[in-house]
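Asks: After the structure tokens below, expect a handful of questions from me.
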Amino acid sequence: MSLYFIGIDISKYKHDCCIISAADQQVISKFTFKNNKDGFSELLTVLHSLSNPEDIRIGFESTAHYALNLELFLEKAHHSFMEVNPVLISEYKKSTTLRKTKTDRVDCESIARWLMTVEYKPHSKGFYHAYSLKSLTRLRDKLIRQRSFYLVKITNVLDHTFPEFKPFFNDRFSKTALYLLENYGSSEKMARMNAASYEKLRSLSHGKFSPQQFLALKSLAANTVGVNNAIFDTELNSLLTLYKATAEQIGILEAQIADLIEEVHPHYMSIPGIGPLSAAVIYAEYGDISNFSNPSQMLAFAGLEPGVNVSGTESHGGSMVKRGSSQLRYVLMNCALPLIRFDMTFAAYYARKRAEGKPHRVALSHVVKKLVRVIFALERKNTDFVAQALR
């Protein structure tokens, strides 16, 4: 059976396809199909006329969500496919021609020919989990930023109406503080709170909000330098409503994320400090670990490898390049913190780096690199984390 390489240039409403035979490396077909059911059926008919799915290698550029439906369709039809970094295709085209020509029909052929030059690493089965988790975790990240934005705006309003309120709660919006703002809002109403008000607050805080604190807050409210204004009350109520709605949506997303990652349950969830949400981000951003040949590639993907400066006879390393996924870097750094507190091997490794004179953040980045090496090993060996086996 002959081998066929197929490059597909993805766009929103249609896709351009180029088919090259491995036997003579000649283009045997170029066509455009629509991004709909009829177009996909047309593509499948062509694929069936070529060969068995095992002899067909399909590649297309990573283009956000436009390729998702095609990916699902190909997986259901038992065809493998490989996503290609657009930068690699761009560099490949530069190496093959000096002409600056960019059309969809040219791009699909470039993808097919590039596919012939590299090791074919098809997307793993069940990539839908990775895509779903990436969508959900990134949406959660945006909502958390939005929630923080609302808290800043609430603080700005309180600076006008009751500036003593937030410092009283140690500059944190605890559950008790938010309850007070939602149910009383203004300093005038807080100053008039009674015994029944305290009982509710005591129950809400599980007895942590003492009578002395209650009386101290009433006194602050009665003597605040803040200004009561109907406009500020309206603004505070609107912001609290938006904050509460955002927080509820974050809770819903986190429940869905936990369910999805539990279905996959990667081995690195057994590492202390990597909970469902952290594991979901790692899985969503890295995808199938088998796509990486070594831990260094994983570090590069996360933007955690050091830059290298070479000039003449001088060569020295630089700071982390910080390319790739910022969400992935953030989660990996946060996962390293409990590791140096609760795992002896990681703690000793961190202490050794600190003893070498490295600042906390630099020493922690070394711990992250060790963590990535452990994640790689666990997934490759198909085993869970065992602290005694760690070197």
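Asks: List the relative contact order of the chain as a percent without decimals, with contacts defined as Cα pairs under 8 Å and 6+ residues apart.
Replies: Normalised by residue count, the contact order of the chain is 13 percent.
Asks: Another question about this same structure. Counting each pair of different Cα atoms once, what's the Kirkwood radius of the range 109-245 in Å, rounded to one decimal?
Replies: For the range 109-245, the Kirkwood estimate is 18.2 Å.
Asks: Can you pull out the cysteines in the chain that have no other Cys Cβ under 4.7 Å?
Replies: 17, 335
Asks: Accessible area per residue for the chain in Å², computed with a 1.4 Å probe and the full protein assembly in place, what is it?
Replies: Roughly 55 Å² per residue, with all protein chains present.
Asks: Next up: Identify the chymotrypsin sites (Phe, Trp or Tyr not before Pro) of the range 120-161 meeting these criteria: DSSP loop state and at most 16 other C-beta atoms within 10 Å of the C-beta.
Replies: Listed in order of number, the matching sites are 120.
Asks: Next question. How tilted is helix 360-381 with respect to the longest principal axis of the chain? Cα atoms for both, answer in degrees (0 to 90, nearest 10).
Replies: Tilt of helix 360-381: around 50 degrees.
Asks: Right, another one. Between 0 and 90 degrees, rounded to the nearest ten: what's the tilt of helix 127-161 against the longest Cα principal axis of the chain?
Replies: Long axis of 127-161 versus the principal axis of the chain: about 30 degrees.
Asks: Same structure again: If you take Cα extents along the principal axes in Å from the coordinates, which of (1) 88, 56, 44; (2) 86, 46, 37; (3) 52, 48, 43 do you get?
Replies: From the options (1) 88, 56, 44; (2) 86, 46, 37; (3) 52, 48, 43, the structure gives (1).
Asks: Which trypsin sites (Lys or Arg not before Pro) does the range 139-190 hold that lie in a coil by DSSP with at most 13 other beta carbons within 10 Å?
Replies: Those satisfying the criteria are 172.
Asks: What's the longest bit of the chain with no exposed GluC sites (Glu not before Pro), using DSSP loop states and at most 15 other Cβ atoms within 10 Å as the test?
Replies: The longest uninterrupted stretch comes out as 120-355.
Asks: Rounded to the nearest Å, what's the spacing between the alpha carbon centres of the range 323-347 and the range 124-172? Just the number, please.
Replies: If you average the Cα positions of each part, the centres end up 21 Å apart.
Asks: Still on this structure: How large is ³J(HN,Hα), in whole Hz, for each residue of the range 222-229 in order, when computed from phi with the Karplus curve 6.51 cos²θ - 1.76 cosθ + 1.60 and θ = phi - 60°, using x for Gly and Pro?
Replies: 6, 10, 5, 8, x, 10, 7, 8
The values are calculated or read from the model by the stated rules, or taken from the named source; none is laboratory data. Just so we're clear, the structure is a prediction, and the values are computed from it rather than from any experiment. FYI the Cβ positions are ideal-geometry reconstructions off the backbone, even for glycines, and counts take in every protein chain you see. All accessible areas refer to the heavy atoms of the entire protein, side chains included, with ligands and DNA or RNA removed. Shrake-Rupley method; radii C 1.70, N 1.55, O 1.52, S 1.80 Å.
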